[in-house]
Structure formats: C-alpha cells, structure tokens
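Scroll down for the structure; my scribbles are underneath it.
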Amino acid sequence: MPKLGVNIDHVATVRQARRANEPDPVWAATLAELGGADGIVIHLREDRRHIQDRDLRLLIETAAVPINLELACVDEVLAIAVNASPREAMLVPERREEVTTEGGLDVVGGREKVARAVDQLKEAGIGVSLFLDPDPTQIETGIALGADIIELHTGAYANATLAGGNGDVELEALKTASRQIRQAGLALHAGHGLTYRNVKPVAAIDEMQMLNIGHTIVARAIMVGLEQAVRDMKRLIE
Ligand code: PXP
C-alpha cells in the first residue's frame, strides 16, 4: 500500500494572502502527522509565494515524519536545501507565472543543470527525487542521472478525470512508467492533481510506494473544519 505524503503549501498560501501568522504550516504538519501522514511535502519556491524559509527551518526541527523539500535547480534554493538537510529533496520545474507545477522536469533538455543539482544534493546526503512526466525518455535520463526516487506527475491523468473522463489512457502511461522505474530499482512516487475522487486507480498501481497530495486535502480541511470554526467564533461573540 502506498504511503501518503501531505503537501501543506496551501496552508501557507492562506497565511500569505494576509501576510499574517496564521494558519501556520508547522501546526498543519503536526495535525497531518496525527492524521497518519507518512511524510510532509513543501515547495520552497523562488518567489516564496507560500512556504517561507522559516517554515522549512521549523519543520526540519519539529516534524516527526520525513520532510520532502521540493525545489527548482537554482543555486539559491539548492544552497538552502543543502544547509537544511531534509530527508529528501525533489527537483521540480518552476516558472513564476504558473499557478502550480504544470509539468514534469525536463531532464533531457536540462540534463547538465539537473545533473549538477543531483550531485550537489547527493553529496550532502539528501535523497534525490525527480518529478517527471510518464515519458520513457525522461525516465531513462532520470535513472541515468542517479536519482533515488522518481515521482510521476499525475497531472494529465487528473485533468482527464476532471474533464469527466476516466483517465484510462493516462493511467496506462503511468503504469508503464511505473514498471520502468521499479525495474531500474528506484523508488516510485506519484502526485499532482490527485483528489478524493480520482486517487484510487493511482493508489492501486503495482509497487506504488508513495502518493504526495496537497490541494485536495487542504480544500477538504477547510470544508470539514469551517462549521466548527464558526461555532467557536459565535460562542466568543455571545
Ligand atoms: N508532488 C509535486 C512534485 C508537486 O509539485 C505537487 C504540487 O505542489 C504535489 C505533489 C501535490 O499536488 P496537489 O497539490 O495537486 O495535490
């Protein structure tokens, strides 16, 4: 059965909407752990739109489960990752104008830059994950670069299910890519756009080891928690 990594970026998104100090992603990590999260995922973006350096520092100090730090192949954040020493670092593409990480890392086109980043992280004793589309050439290159883990970008499958389809074609691509990764002896993770409605077929892929899920969990947390939050405020006012 795959483990669950909970991405708490969007707890920080709500905080940053007001540049306030709540909700605190460090609290969220503790609650996620209590709920059974096997790992916590955060993305330290260059533009710091959600997770801040302080969050990374405190999470490394306090989390009882491994931290998987997502980052771009950029010197500034690579240096922070090496210094913070999370259990795992995941190299992802990053474009400032994107709403979210819209595709996998291009390890074919950006091979040299990615190779340098992989080596730097591995030398620091950090497990390296590459976030890749289910594309055989990208995966072959990711394996050759010495990654420990490949995380498959499930966005195409997720989009197909959101559009009302069953995502069968995209799911097949994920299954084929999963076999390629496991046959090479790497750990197999997947994530992006997974929801309460579309997660089961991906969780059922043979040898899937971890799913990293964020937005849908934070979205549901708002919904299942809102009623109680209003009750609490009402009681204070009364
Ligand atoms: N895995 C990676 C590498 C990601 O970049 C993200 C999104 O930040 C996720 C998983 C989680 O995606 P979602 O928030 O859509 O569940």
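Report whether or not A204 is under 27 Å from A37 (Cα atoms), more than 16 Å from the ligand (Cβ to nearest atom) and surrounded by fewer than 13 Cβ atoms within 10 Å (Cβ to Cβ). Talk me through it step by step, then tell me what you get.
On the way: under 27 Å from A37 (Cα atoms): yes; more than 16 Å from the ligand (Cβ to nearest atom): yes; surrounded by fewer than 13 Cβ atoms within 10 Å (Cβ to Cβ): yes.
For A204, the condition - under 27 Å from A37 (Cα atoms), more than 16 Å from the ligand (Cβ to nearest atom) and surrounded by fewer than 13 Cβ atoms within 10 Å (Cβ to Cβ) - is met.
Criterion first (out of contact with any Ser or Thr (no Cβ under 7 Å at 6 or more places or on another chain) and surrounded by 13 or more Cβ atoms within 10 Å (Cβ to Cβ)) does L171 satisfy it?
On the way: out of contact with any Ser or Thr (no Cβ under 7 Å at 6 or more places or on another chain): yes; surrounded by 13 or more Cβ atoms within 10 Å (Cβ to Cβ): yes.
For L171, the condition - out of contact with any Ser or Thr (no Cβ under 7 Å at 6 or more places or on another chain) and surrounded by 13 or more Cβ atoms within 10 Å (Cβ to Cβ) - is met.
Out of all the residues in region 92-123, which are in contact with a strand residue (DSSP E or B) (Cβ under 7 Å, 6 or more places away or on another chain) and part of a helix (DSSP H, G or I)?
V114, A117, V118, L121, K122
State which residue pairs qualify: first residue under 16 Å from T216 (Cα atoms) and inside region 156-171, second residue of a type in the set (K, R) in any location, beta carbons under 8 Å apart, and separation of 6 or more residues or different chains.
From residues that are under 16 Å from T216 (Cα atoms), the pairs are T161/R197.
In region 156-176, what residues are within 15 Å of the ligand (Cβ to nearest atom) and of a type in the set (G, A, S)?
Answer for region 156-176, where residues must be within 15 Å of the ligand (Cβ to nearest atom) and of a type in the set (G, A, S): A156, A158, A160, G167.
Quick check on this structure: which one of R179, R220, R231 is of a type in the set (D, E, K, R), within 15 Å of the ligand (Cβ to nearest atom) and in a helix (DSSP H, G or I)? Can you show your working first?
Details: R179 fails: within 15 Å of the ligand (Cβ to nearest atom); R231 fails: within 15 Å of the ligand (Cβ to nearest atom).
The unique qualifying residue is R220.
Take the residues in region 129-155 that are of a type in the set (A, V, I, L, M, F, W, C) and crowded, with 23+ Cβ neighbours inside 10 Å, then tell me which one is farthest from the ligand (Cβ to nearest atom).
Step by step, filter region 129-155, then rank; the result is I139.
Please go through region 67-79 and give me each residue that is crowded, with 18+ Cβ neighbours inside 10 Å and in a loop (DSSP other than H, G, I, E, B), ordered by number.
Passing the criteria: A72, C73.
Please name all residue pairs, on different chains or six or more residues apart, with Cβ atoms under 7 Å, provided the first residue is in region 134-145 and is within 14 Å of G110 (Cα to Cα) and the second residue is assigned to a helix (DSSP H, G or I).
As it stands, the answer is I139/A177; I139/Q180; I139/I181; T141/R111; L145/V114; L145/A115; L145/V118, since those pairs meet every condition given.
Filter region 1-47 for residues that are under 14 Å from the mean Cα position of the chain (by Cα) and in a loop (DSSP other than H, G, I, E, B) and give the result.
Those that are under 14 Å from the mean Cα position of the chain (by Cα) and in a loop (DSSP other than H, G, I, E, B): I8, A37, D38, L44, R45.
Values quoted throughout were computed directly from the atomic coordinates according to the rules given, and no laboratory measurement underlies them. Just so it is clear, the model here is predicted, and its values are computed rather than measured. Don't worry about glycine lacking a Cβ; one is built from the backbone with ideal geometry, like all the others, and counts go over all protein chains shown.
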